[in-house]
Amino acid sequence: MAANRLDLYVPEPLGRPGDTPSFGDLHLSAPGEIRRPDTREKEANMRDLPYGLIRVLDDEGHAVGPWAPHIPIEVLHKGLRAMLLSRAVDERFFRAHRQGKTSFYMKSTGEEAIGVAQSLMLGKGDMCFPTYRMLAWLMARDYPLAAYANHIFSNEKDPLQGRQLPILFSAKDYGFYSLSGNLGSRYGHAVGWAMASAYKNDDKIAIAYVGDGTTAEGNFHEALTFASVYHAPCILCVTNNQWAISSFSGIAGANETTFAAKGIAYGLPSLRVDGNDFLAVWAATEWAAQRARANMGATLIELFTYRVEGHSTSDDPTKYRPADEASAWPLGDPVERLKQHLIALGEWDEGRHTALIESLAEEVKAAIKQGEAIGTLGKSKPPVSEMFEDVFAEPDWRIIEQRKQVMEG
Amino acid sequence: MALMNMIQALNSALDVKLDQDPDTLIFGEDVGYFGGVFRVTEGLQKKYGLKRCFDTPISEGGIIATAVGMGAYGLRPVVEIQFADYILPAFDQLISEAARLRYRSGGEFTAPITVRSPYGGGIFGGQTHSQSPEALFAHVTGLKTVIPSNPYDAKGLLLASIECDDPVIFLEPKRLYNGPFDGHPDQKLSTWANSGDPKAEVPEGHYTVPLGKAEVVRPGSDVTVLAYGTMVYVAKAGIEEAGVDAELIDLRSIVPLDIDTIEQSVAKTGRCVILHEASRYAGIGGELSALVQERCFWALKSPIERVTGWDTPYPHAFEWDYFPGPKRLAQALKRTMENS
Ligand SMILES: Cc1ncc(C[n+]2csc(CCOP(=O)(O)OP(=O)(O)O)c2C)c(N)n1
Ligand SMILES: [Mg+2]
């Protein structure tokens with residue numbers, strides 16, 4: 001009898017603070033190992049892909065295998081620069097938070113290849129529906145740093161009029177859809193946006209992101225269903241950085257299957273990609289974009305990476321994971337790997353790399369200075385009437401009366 | 001007795017309950033090993049094991065649905081929604097399921113669940129870490145909505161909520177977690193331990209504060225002030241600033257509402273000012289105002305006033321312009337006195 005008793009199962013990670021980091025049985029495919037089906041291939045014939053891992057760069061920095069993309073050297077240079085810029089911006093703003101100049105900040109350290117490669121790969125008319133860890137997208141498209149500083153400081157010149165929490169940005173002209181604090185709530189917007197493009201017979205596509213943790217939200221599954229049913233021209237990404245604040249990805253189901261494999265149930269072609277490999281991210285995105293533009297519908301892409309830093313300025317990851325887990329991550333650092341590739345191509349060297357880091361640091365410092373000159377949080381803010389704008393297209397009597405009351409103190 | 005802040009008091013309530021009742025269990029995002037982003041469940045997984053306090057997938061709808069199923073089986077789940085702003089994906093589970101399971105099954109199935117969630121602003125959390133959604137729940141019959149304002153009440157009300165056979169939305173004013181914030185952001189916040197507030201003295205064992213019983217925090221004869229959560233301390237400061245002899249009532253629960261205490265007070269003072277942080281239109285203030293008008297009309301000497309957040313989303317840079325602070329309450333109190 002006793003042997004038949006049920007017991008409630010709750011998954012646990014392999015390591016906690018004090019333990020030696022372990023990623024268990026990762027099944028990392030070798031660089032170049034995964035086949036690249038034709039972009040017109042049927043989904044039913046590609047169900048092995050979500051269980052492999054598309055990698056292009058080998059340990060020596062060479063691009064190998066069928067997924068090796070053809071990227072012009074100047075784009076690779078631009079990509080490296082944007083990744084380094086993104087990292088420099090993160091460093092400075094994180095510090096600004098520590099100095100009390102803003103209320104909140106989130107870094108995307110280790111995930112820069114994703115935003116940069118996809119931002120550069122896709123077109124100006126395409127729309128990205130980002131998470132809060134997609135600064136790299138904006139950096140790749142040369143978003144003005146000083147304006148970004150004004151946003152982070154919520155000052156008078158904040159492009160979002162001081163209404164939004166820092167990081168929860170919006171930049172339509174840069175293909176960067178409005179962020180919200182609610183996880184996953186814009187995933188379906190990408191599908192709708194893509195369906196609208198198809199409806200209008202345009203050629204624009206959408207790309208959307210959720211984190212590994214966020215795949216548990218209903219929004220994720222609803223979006224996949226709609227994308228599948230209507231062949232929406234979009235790329236639906238899961239940035240699997242293996243952590244959701246303090247919860248390891250097993251709490252999102254990663255012990256049972258891959259995130260990419262979720263696409264199988266919806267009949268969506270699904271790729272699992274090394275997110276720290278700039279070339280692999282580029283190649284997978286290019287493949288999915290070709291399908292989308294050919295009216296063949298959506299692709300799900302899992303971007304496997306690692307959240308190197310804490311969740312946000314409010315978090316201390318040493319409380320819940322081994323302190324040196326980041327350095328144990330076998331797929332390395334995306335910046336180092338692209339740098340190694342460029343060096344292997346004879347298109348880069350250590351001296352230029354160091355000089356670039358230094359010049360970017362200066363660039364960021366100067367932009368932050370400009371933002372600071374206008375004012376940091378609490379020292380400067382847009383006129384208080386801005387609080388009442390854009391609630392509706394036209395304010396109703398409540399807004400008008402309340403605005404008057406506030407202005408009159 | 002021990003001096004506790006609100007986080008410790010809530011933790012103590014959960015500790016007591018896990019210890020006494022094997023059918024109580026806790027789950028929610030990051031509540032397990034880490035102990036919750038506000039640390040309310042700290043140490044509980046270690047003490048009671050993985051099955052009694054565990055992390056969940058990031059799915060608020062899933063969390064509430066699972067809790068309702070467990071409750072129907074006979075357990076007493078206490079779940080955490082990390083921020084009240086993120087309760088909305090679970091709205092259907094709360095409104096169509098938890099609130100009505102008893103009614104529609106003729107009492108066969110019930111959902112004795114407790115949904116804890118930090119709410120309210122004043123922490124520069126922006127639009128989605130600051131909202132006060134209590135009116136959304138109060139509008140739905142079948143759900144109880146409880147909001148403590150101090151460590152003693154927090155523990156007693158949480159224990160009463162867990163022991164309640166109906167689903168309870170338990171909103172924790174996060175601005176009060178560490179100390180009695182009175183709406184003056186520029187003044188140094190005293191901790192609960194240093195505040196000298198008797199409500200920071202919390203018994204270590206089991207006790208309850210009954211749901212539906214308001215507390216007269218400050219007796220007075222000129223005007224009744226109705227508040228709850230963070231606004232109780234803002235009200236104290238505003239009353240002092242206005243220099244009126246106000247009677248301050250901490251409602252403690254919105255549903256059930258202690259209508260008797262409200263009626264008795266307004267019958268005595270003849271004036272009423274309602275203070276809440278949530279936006280104004282169709283807020284709890286509207287319901288309270290209607291009730292006072294219906295039941296105390298002949299005692300009223302001046303129009304009922306509402307002091308609330310504005311009808312805008314919670315704006316980051318304008319936090320203190322939005323927040324209904326002591327100054328705005330004091331102005332309303334003076335108007336109320338002058339208008340009669
Ligand atoms: C609907 C909703 N629930 C909960 C939260 C609180 N929260 C913010 S970030 C986060 C973890 C997200 O993890 P993941 O999706 O893996 O993204 P990552 O932070 O790793 O990039 C949580 C639980 C939220 N913002 N929105
Ligand atoms: Mg994650």
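The values are calculated or read from the model by the stated rules, or taken from the named source; none is laboratory data. Fair warning: this is a prediction, and the values are worked out from it, not measured in the lab. All Cβ positions, even for glycine, are placed from backbone atoms using ideal geometry, and neighbour counts span all protein chains on display. Side chains included, ligands, DNA and RNA excluded: accessible areas come from the protein's heavy atoms. Shrake-Rupley method; radii C 1.70, N 1.55, O 1.52, S 1.80 Å.
Here are a few things to note about the model shown:
- Cut-off under 5 Å, modelled amide H: who pairs with B:Val225 long-range: B:Glu247, B:Leu248, B:Ile249, B:Val273
- Only helices reaching 20 angstrom along their own axis (Cα) with mean Kyte-Doolittle hydropathy no lower than 0.0 count here, and for the DSSP H runs of chain A these are A:278-293.
- Residue (of B:Leu94, B:Pro303, B:Pro315) at the positive-pole extreme of chain B, dipole from beta-carbon charges: B:Pro303
- Other residues lying with their Cβ under 10 Å from the Cβ of B:Val202 contribute a combined charge of -1, Lys and Arg counting +1, Asp and Glu -1.
- Filtered trypsin sites (Lys or Arg not before Pro), region B:140-221: DSSP coil and at most 14 other beta carbons within 10 Å: B:Lys188
- Estimated at 0.36 nm per residue, the fully extended path between B:Glu204 and B:Glu294 surpasses their Cα-Cα distance by 28.2 nm.
- Normalising the Debye intensity of region B:212-338 to I(0), with uniform scatterers on Cα atoms only, and taking log10 at q = 0.12, 0.19, 0.22 Å⁻¹ returns -0.38, -0.99, -1.33.
- Cα-based shape type of chain A, given that a ≥ b ≥ c are square roots of the gyration tensor eigenvalues and the cut on a/c is 1.5: rounded
- Each part gets one Cα centre, and for region B:228-289 versus region B:19-71 those centres are 34 Å apart.
- Entries of B:Lys268/B:Lys301; A:Lys124/A:Lys339; B:Lys17/B:Lys46; B:Lys301/B:Lys334; B:Lys155/B:Lys199 with Cα pairs more than 19 Å apart: A:Lys124/A:Lys339
- Interface A:B - total buried accessible surface [probe 1.4 Å, Å², rounded to 100]: 3500 Å²
- Difference of contour (0.36 nm per residue) and Cα-Cα distance, A:Tyr51 to A:Ile357: 106.5 nm
- Residue-count net charge about A:Glu408 - beta-carbon cut-off 15 Å; Lys, Arg +1, Asp, Glu -1: +3
- Gaussian network model of chain A, springs between alpha carbon atoms under 10 Å - residue of A:Lys124, A:Lys200, A:Lys172 with greatest fluctuation: A:Lys200
- Taking a point 7 Å from the Cα of A:Lys200 along the Cα-to-Cβ direction, the residues of region A:158-193 with backbone N closer than 13 Å to it are A:193.
- Model label sites at A:Asp19 and A:Asp59, defined 7 Å from Cα along the beta-carbon direction, differ in position by 2.7 nm.
- The protein assembly as shown: antiparallel DSSP beta bridges as a percent of all, rounded to 5: 15 percent
- The phi-based Karplus calculation (6.51 cos²θ - 1.76 cosθ + 1.60; θ = phi - 60°) puts the 3J(HN,Hα) values of region A:255-272 at 6, 9, 6, 8, 5, 4, 5, 4, x, 4, 5, 9, x, 9, x, 9, 10, 10 Hz, whole numbers, x for Gly and Pro.
- In degrees, nearest ten, helix B:259-269 long axis to first principal axis of chain B (Cα): 20 degrees
- Across chain A, the mean sequence separation of Cα contacts (distance under 8 Å, 6 or more residues apart), normalised by length, yields a relative contact order of 24 percent.
- Reference-scaled alpha-carbon Rg (2.2 N^0.38 Å with N residues) for region B:2-176: 0.94
- With one equal scatterer per alpha carbon and no solvent term, the Debye-computed log10 I(q)/I(0) for chain B at 0.11, 0.12 1/Å reads -0.68, -0.81.
- Net charge of the neighbourhood of A:Met296, taken over other residues with C-beta under 10 Å away and scored Lys/Arg +1, Asp/Glu -1, is +2.
- Look at where the Cα atoms of region B:305-338 and of region B:135-150 average out, and the two centres are 22 Å apart.
- Once C-alpha pairs closer than 8 Å and six or more residues apart are averaged by separation and normalised to the residue number of chain B, the relative contact order reads 16 percent.
- Angle between chain B longest axis and helix B:151-163 axis [Cα atoms, degrees, rounded to 10]: 50 degrees
- The simple spin-label model puts a point 7 Å past each Cα toward its Cβ; for A:Ala44 and A:His27 those points are separated by 2.3 nm.
- Computed label-point distance, nm, for sites A:Thr225 and B:Lys46 using a 7 Å Cα→Cβ extension: 4.3 nm
- For the protein assembly as shown, calculated [θ]222 nm from helices alone, where every DSSP H run of n ≥ 4 adds -39500 (n - 2.57): -10500 deg cm²/dmol
- Computed across region A:312-409, the Kirkwood radius stands at 19.5 Å (inverse of mean 1/r, all Cα pairs).
- The protein assembly as shown: proportion of alpha-carbon pairs further apart than 46 angstrom, %: 25 percent
- Shown here for region A:1-61: chymotrypsin sites (Phe, Trp or Tyr not before Pro) in loop regions (DSSP other than H, G, I, E, B) with at most 11 other Cβ atoms within 10 Å, namely A:Tyr9.
- Centroid-to-centroid, using Cα positions, region A:299-346 and region A:227-253 are 17 Å apart.
- Taking 0.36 nm per residue of sequence separation and removing the Cα-Cα distance, the A:Tyr9/A:Ala328 pair yields an extension gain of 112.0 nm.
- Each residue of region B:5-15 was assigned a 3J(HN,Hα) from its phi angle through the Karplus curve 6.51 cos²θ - 1.76 cosθ + 1.60 (θ = phi - 60°); the sequence is 7, 5, 5, 5, 5, 5, 4, 5, 4, 5, 4 Hz, with glycine and proline shown as x.
- Cα pair distances of region B:219-290 binned at 10 Å [whole percent]: 20, 57, 23, 0
- Mean-square fluctuations from a GNM of chain A, with a 10 angstrom spring cutoff on Cα atoms, peak among A:Val229, A:Val391, A:Val89 at A:Val391.
- Of B:Gly126, B:Gly142, B:Gly243, the residue with the greatest mean-square motion in the GNM of chain B, using alpha carbon springs below 10 Å, is B:Gly243.
- On chain A, 51 percent of the accessible area sits on carbon and sulfur atoms, based on a 1.4 Å probe.
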